[in-house]
Each structure stands twice: as C-alpha cells, then as structure tokens.
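Working notes for the structure below.
The values are calculated or read from the model by the stated rules, or taken from the named source; none is laboratory data. Bear in mind the structure is a predicted one, so any value in this text is a computation, not a measurement. Cβ: placed from backbone, ideal geometry, glycine included. Neighbour counts: every protein chain shown. These area figures cover heavy atoms from the full protein model, side chains too; ligands, DNA and RNA do not enter into them. Shrake-Rupley method; radii C 1.70, N 1.55, O 1.52, S 1.80 Å.
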Amino acid sequence: MIQPKIPQPTISFIDQYCGSYQKIFPEVRSYEAFKQIIMGILTPSKRKSLVTISKIIGLKNSQSLHNFLTQSPWTLEELRAERLKNIFNWLKEEAIDIIIDETGDPKKGNKTEYVARQYLGRLGKVDNGIVSVNIYGVKNGITSPLLFEVYKPKFRLKPGNKYQSKPQIAARLVEQLVSQGLKIRYVLADSLYGESVTNLLRVLEKLKLHFMVAIRSNHGVWMPEEEKVEQTAWHEFDRILSKGQRQKRYVCEIIFWQRNKYTYWYLTTEPETLPVNSTSYVMTNCDPIKYQDVGNIYGERTWIEYGFRQSKLELGWSEFHLTKYNDIAK
C-alpha cells in the first residue's frame with residue numbers, strides 16, 4: 001500500500017497557521033507552495049515577487065509557485081471562506097469597526113486585466129495601474145483584511161462583466177460580511193464613499209449600521225433659505241493613538257439649521273489655520289455621540305490608512321507579475 005505523501009515542514013508557526021487551510025488543496029505540492037509563498041511574504045526582503053520568493057526559500061526557480069496560482073485545482077472562494085471563518089472565530093462575535101478604502105498601484109502596459117489610466121492613491125495622481133476596493137476590520141489595534149475586489153473600469157470590462165462603481169463594490173462587500181454574521185460597530189470611509197449617499201450610505205442604513213465618513217468641505221445640505229449654518233465652539237480632546245500615546249486634537253460641530261439624522265463635524269490639529277493634511281470634515285449617523293468619540297473613532301481610519309499603506313508595500317501587493325484577474329485575486 002502506497003503511503004500518502006506528507007507535506008514538507010517549514011517553520012513551526014507557519015505550519016501551524018497554514019494547517020487549517022490544508023483541506024482546500026487537493027494536492028500536497030499545492031499545499032507546500034501555499035506555505036512557501038506565506039513564508040516568502042513574511043521575509044524582510046523589499047521585493048516580494050514570485051521570482052524573489054523562490055530564491056529566498058531555496059527553490060531552483062519560481063515555476064512551481066506560478067503554477068500554484070494559475071493552474072493548481074483550488075479556488076479563491078474556498079480560501080477566502082476559510083480565512084474569514086478563522087477571523088470570525090477569533091472575534092468570538094465581538095462587534096468591530098470596518099474600514100473601507102481603495103488602493104492603487106502602477107502597472108505598465110495593458111496586458112493585465114483591468115489595468116487602466118486612473119487615480120492611484122499610492123502615487124497621488126492619475127497613472128496607468130490597477131485599483132482595488134478593500135474592507136478590513138480593526139479590533140484592539142489589530143488590523144484584519146476581510147474582503148477586497150479589483151475595480152473594473154468601464155472601458156476594460158470583459159464579456160459578462162457588469163460595471164460597478166467603487167462605492168457600489170464596497171456596499172456589496174459589506175452586505176456579504178453582514179450576511180455571513182460579522183457584527184459591525186462602525187463603518188469608516190473617506191470622502192469618495194462619504195459622498196455616495198445612494199450607492200453606499202443608504203445600503204448601510206438599510207443594514208442598520210452606524211457609519212462615520214469623510215465628506216468634502218463644500219458638501220451641500222438642503223435647508224430653508226432664511227436659515228443659517230452654525231458652528232459650535234472648538235473642543236480640545238486627546239486623540240488616543242495605537243500604542244496608547246495621546247495627542248491634542250480639536251473638534252467642533254457644524255449645524256445646518258437644525259440637527260437631523262446626520263451630524264457634521266470638523267476635526268483638526270489646528271483650529272486657527274485648519275491644515276489640509278490634518279483636517280477632516282466628517283458626517284455620521286451615530287446619535288447621540290460625544291465630541292471626543294467622534295475624533296477617536298474617525299481617527300482610527302486615518303491611522304489604519306497609513307498602516308495599511310506600509311503593510312501593503314511590505315507584503316508586496318504591487319509585485320505580482322500575473323495578468324488574469326482570478327490569478328491576481330488568489
């Protein structure tokens with residue numbers, strides 16, 4: 001009787017982490033490649049392409065890793081479901097904040113699916129690249145990527161694709177998380193999503209979720225012509241950072257005639273000058289809410305945005321040399 005092949009061990013904590021995923025991979029070599037990629041991603045190397053990873057972990061070439069992503073008989077859906085199950089088990093039904101953001105990276109040429117000239121947050125300008133909408137959760141300062149989907153520009157759609165804006169993609173991903181049982185305390189997002197009342201905010205309200213989103217400083221609110229906009233006095237509060245440090249911040253409420261289901265707030269480091277890079281205009285449906293809570297809840301989004309950018313670069317999101325969407329998503 002032929003004994004089944006046993007996967008080669010790697011590092012104990014990687015073997016332990018990957019153990020729950022083994023059932024997804026019908027072939028031992030696929031499971032071994034999965035562990036090898038995880039091991040390569042966690043190395044301190046500045047580049048995380050398959051070629052670089054294969055050299056770091058001692059493979060002759062990167063072909064086996066490439067085949068793992070493009071030809072091996074496992075599905076993205078199974079991997080994603082197992083990962084979310086592990087995260088949900090860790091949360092133990094505790095409600096968490098989720099943060100919506102998109103990330104863009106430059107890509108040359110047009111062979112990669114859904115690459116187009118579009119705004120890339122990493123560069124801060126329009127350039128050729130690929131953009132994804134991401135949702136990640138935060139618990140006790142720990143960030144957990146939950147779901148993502150690559151944005152598909154209208155002129156790069158393939159047969160069978162249906163165009164969706166970034167806020168529409170985000171709404172669908174939030175609905176998916178809620179349907180799977182994730183308990184959400186607050187939804188946080190920047191102004192691209194905060195200004196999307198129809199495509200996102202109404203969906204969040206339908207799901208009975210609290211949200212706190214950035215909006216443009218020229219955001220308009222319908223009110224009687226004779227009524228005025230009022231601004232409360234500035235309140236100083238301590239912004240509590242990830243490691244417990246405290247920094248002085250300032251917050252005030254903007255009242256359009258009278259308070260309604262939404263409240264509006266300015267958050268800044270300097271109320272006299274309102275520096276562009278450290279001032280936010282925020283809208284929320286959380287009522288009642290304390291002014292210091294506005295600053296600390298929304299501040300979580302800005303901190304995570306910075307941290308996510310650093311980890312994305314560290315983990316090599318822009319390093320892939322694949323061209324098919326399904327392979328990229330894996």
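Under 19 Å from Arg83 (Cα atoms) and either among the β-branched types (Val, Ile, Thr) or at pLDDT below 90 (or both): which single residue out of Ile37, Ile57, Ile2 fits that description? Outline the logic, then answer.
Details: Ile57 fails: under 19 Å from Arg83 (Cα atoms); Ile2 fails: under 19 Å from Arg83 (Cα atoms).
Unique residue meeting the criteria: Ile37.
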State all residues of the stretch 145-162 that are within 20 Å of the chain's Cα centre (by Cα) and open to solvent by 70 Å² or more (accessible area, probe 1.4 Å); if no residue qualifies, say none. Pro145
Residues being surrounded by 17 or more Cβ atoms within 10 Å (Cβ to Cβ), closer than 24 Å to Gly104 by Cβ and either at pLDDT 85 or above or in contact with a Pro (Cβ under 8 Å, 6 or more places away or on another chain) (or both) - total across the stretch 288-324: 2
Given (1) out of contact with any Asp or Glu (no Cβ under 6 Å at 6 or more places or on another chain); (2) in a helix (DSSP H, G or I); (3) modelled with pLDDT of 90 or more; (4) open to solvent by 10 Å² or more (accessible area, probe 1.4 Å), index of the condition Leu65 fails: (4)
Under 6 Å between Cβ atoms, at least 6 apart or on separate chains: pull out the pairs that start in the stretch 77-103 with a residue that is loosely packed, with under 15 Cβ neighbours inside 10 Å and end on any residue that is of a type in the set (Val, Ile, Thr). Glu78/Ile24
Give the number of residues within the stretch 141-169 that are among the polar types (S, T, N, Q), under 24 Å from Ala189 (Cα atoms) and in contact with a Lys or Arg (Cβ under 8 Å, 6 or more places away or on another chain). 1
Selection from the stretch 111-124 of residues that are in contact (Cβ under 8 Å) with a residue 24 or more places away in the chain and either over 25 Å from Gly299 (Cβ atoms) or among the β-branched types (Val, Ile, Thr) (or both): Lys111, Thr112, Glu113, Tyr114, Val115, Ala116, Gln118
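If you take the residues of the stretch 116-133 that are assigned to a loop (DSSP other than H, G, I, E, B) and touching a strand residue (DSSP E or B) at 6+ places or on another chain (Cβ under 9 Å), which of them is surrounded by the fewest Cβ atoms within 10 Å (Cβ to Cβ)? Give the derivation first.
Step one: of the stretch 116-133, the residues assigned to a loop (DSSP other than H, G, I, E, B) are 121-124.
Checking which are touching a strand residue (DSSP E or B) at 6+ places or on another chain (Cβ under 9 Å) leaves us with 121-123.
Numbers: Gly121: 17, Arg122: 17, Leu123: 12.
By that ranking, first place goes to Leu123.
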Extreme residue, surrounded by the fewest Cβ atoms within 10 Å (Cβ to Cβ), among residues of the stretch 267-287 that are in contact (Cβ under 8 Å) with a residue 24 or more places away in the chain and outside any loop (DSSP other than H, G, I, E, B): Tyr281
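When you scan the stretch 13-40, how many residues do you find that are part of a helix (DSSP H, G or I) and open to solvent by 50 Å² or more (accessible area, probe 1.4 Å)?
Within the stretch 13-40, the first condition is being part of a helix (DSSP H, G or I), and the residues that meet it are 13-24, 28-40.
Subsequent filtering for residues that are open to solvent by 50 Å² or more (accessible area, probe 1.4 Å) retains 13, 16-17, 22-23, 29.
The number of residues fulfilling the criteria is 6.
Among the listed residues Glu113, Glu93, which satisfies the condition of being farther than 25 Å from Tyr21 by Cα, out of contact with any Asp or Glu (no Cβ under 6 Å at 6 or more places or on another chain), modelled with pLDDT of 85 or more and assigned to a loop (DSSP other than H, G, I, E, B)?
Values: Glu93 fails: farther than 25 Å from Tyr21 by Cα.
Just a single option satisfies the conditions, and that option is Glu113.
Look at Thr10 and say whether it is open to solvent by less than 20 Å² (accessible area, probe 1.4 Å) and not in a strand (DSSP E or B).
No; evaluated as a whole, the condition is false for this residue.
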Do we find a residue being open to solvent by 70 Å² or more (accessible area, probe 1.4 Å), assigned to a strand (DSSP E or B), at pLDDT 80 or above and more than 30 Å from Leu76 (Cβ to Cβ) anywhere in the stretch 248-266? yes
Would you mind stating whether Val213 is open to solvent by less than 30 Å² (accessible area, probe 1.4 Å), modelled with pLDDT of 80 or more and of a type in the set (A, V, I, L, M, F, W, C)? yes
